[in-house]
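Below: one structure, written as structure tokens.
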Amino acid sequence: MAKTIWTVDLGGAPTNEDCAQIGHTPNFAIVNTAEAMLYRAALIAVAGPPPAGITLRIKANAHDFGTYRTVEASIDNDQDDGSHASYLETLEIGIAFWHQAGFAPPEFGKLTASDQLAGFVVEAVASALRITRPSSTGAFFPASSGPLHRNLTAAFPEAAQRAFSEGGLTC
């Protein structure tokens, strides 16, 4: 019997934020890719790193006017340990605004070349980690920053290293 993998398209950006538009946004391909990469990170901030059997990836979608990218969850039910349904529900709800995942509104206009993407994403996640960091007493304010911070730290160790080494911050 063939293995069944199914997918869910989660969109490319928070629902209430402006997003890149084919034919209107300068450097659309780069900005749209960065937007989807950051949205993937924001979803991980809110839902946590994916459980075994779920992969969050950036998917290119061909359209009459060009290709746009969204975040897609790829699900292998054979690996479901009972956590898939609640995780997918959280992903499908998504976020309405970047700040709900601890992110400052990204400055996509700074992107002019595809070789800037990785650094842009790492810096945006590092910024979110600085925004959501605990106080000197270890308390998070607001309390909702705690899970965001822990999820981002676990999923993006390079960004966590940058966030905490450059600013002298500690977790």
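The values are calculated or read from the model by the stated rules, or taken from the named source; none is laboratory data. All of these numbers come straight from a predicted model, not from anything done at the bench. Counting neighbours? That spans all protein chains shown, and the Cβs are built from the backbone with ideal geometry, glycine included.
Going through (1) within 24 Å of ARG150 (Cα to Cα); (2) in contact (Cβ under 8 Å) with a residue 40 or more places away in the chain; (3) within 13 Å of the chain's Cα centre (by Cα) one by one, THR70 falls short only on (1).
Okay, residues lined up against (1) of a type in the set (A, V, I, L, M, F, W, C); (2) under 19 Å from ALA113 (Cβ atoms):
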residue: THR4; (1), (2): no, no
residue: GLY12; (1), (2): no, no
residue: THR25; (1), (2): no, yes
residue: THR33; (1), (2): no, yes
residue: ALA42; (1), (2): yes, no
residue: ALA52; (1), (2): yes, no
residue: THR67; (1), (2): no, yes
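Got a number for residues in segment 73-125 being in contact (Cβ under 8 Å) with a residue 24 or more places away in the chain and among the charged types (D, E, K, R)?
Of all residues in segment 73-125, those in contact (Cβ under 8 Å) with a residue 24 or more places away in the chain come to 73-81, 83-84, 87-88, 90-92, 94-98, 100-106, 108-109, 111-114, 116-117, 120-125.
Then drop every residue that is not among the charged types (D, E, K, R), which leaves 76, 78, 80-81, 92, 123.
Of the residues in that region, 6 qualify.
Screening the candidates ALA52, ALA36, ALA20 for the property of being buried (at least 19 other Cβ atoms within 10 Å of the Cβ), within 25 Å of HIS149 (Cα to Cα) and of a type in the set (Gly, Ala, Ser) yields one hit, ALA36. State whether one or more residues within segment 60-67 are surrounded by 16 or more Cβ atoms within 10 Å (Cβ to Cβ) and either under 17 Å from ALA163 (Cα atoms) or at pLDDT 95 or above (or both). Looking for residues that are surrounded by 16 or more Cβ atoms within 10 Å (Cβ to Cβ) and either under 17 Å from ALA163 (Cα atoms) or at pLDDT 95 or above (or both), one finds none in segment 60-67, hence no. Whenever a residue of segment 19-32 is under 15 Å from VAL121 (Cα atoms), its partners that are outside any helix (DSSP H, G or I) and basic (Lys, Arg), lying with C-beta atoms within less than 6 angstrom and at least six residues away or across chains, give the pairs ASN32/ARG69.
So for segment 73-83 (the condition being within 19 Å of GLU35 (Cβ to Cβ) and either assigned to a helix (DSSP H, G or I) or at pLDDT below 95 (or both)), does at least one residue qualify? Working first, answer last.
Initially, segment 73-83 is screened for residues within 19 Å of GLU35 (Cβ to Cβ), giving 73.
In the following step, the residues that additionally are either assigned to a helix (DSSP H, G or I) or at pLDDT below 95 (or both) were identified as none.
No, segment 73-83 contains no residue that is within 19 Å of GLU35 (Cβ to Cβ) and either assigned to a helix (DSSP H, G or I) or at pLDDT below 95 (or both).
Can you tell me which residue within segment 6-17, out of those that are of a type outside the set (Gly, Ala, Ser) and under 16 Å from ILE58 (Cα atoms), is surrounded by the fewest Cβ atoms within 10 Å (Cβ to Cβ)? Filtering segment 6-17 for residues that are of a type outside the set (Gly, Ala, Ser) and under 16 Å from ILE58 (Cα atoms), the one surrounded by the fewest Cβ atoms within 10 Å (Cβ to Cβ) comes out as TRP6.
Out of the residues in segment 1-57 that are outside any loop (DSSP other than H, G, I, E, B) and small (Gly, Ala, Ser), which is farthest from GLU89 (Cα to Cα)? Lay out the reasoning, then the answer.
Of all residues in segment 1-57, those outside any loop (DSSP other than H, G, I, E, B) come to 5-11, 28-47, 54-57.
Filter again for small (Gly, Ala, Ser), leaving 11, 29, 34, 36, 41-42, 45, 47.
Working: GLY11: 14, ALA29: 29, ALA34: 24, ALA36: 19, ALA41: 17, ALA42: 15, ALA45: 15, ALA47: 9 Å.
So, considering only residues that are outside any loop (DSSP other than H, G, I, E, B) and small (Gly, Ala, Ser), the one farthest from GLU89 (Cα to Cα) is ALA29.
ARG162 fails exactly one of the following numbered conditions: (1) surrounded by fewer than 18 Cβ atoms within 10 Å (Cβ to Cβ); (2) modelled with pLDDT under 95. What is the number of that condition? The single condition ARG162 does not satisfy is (1).
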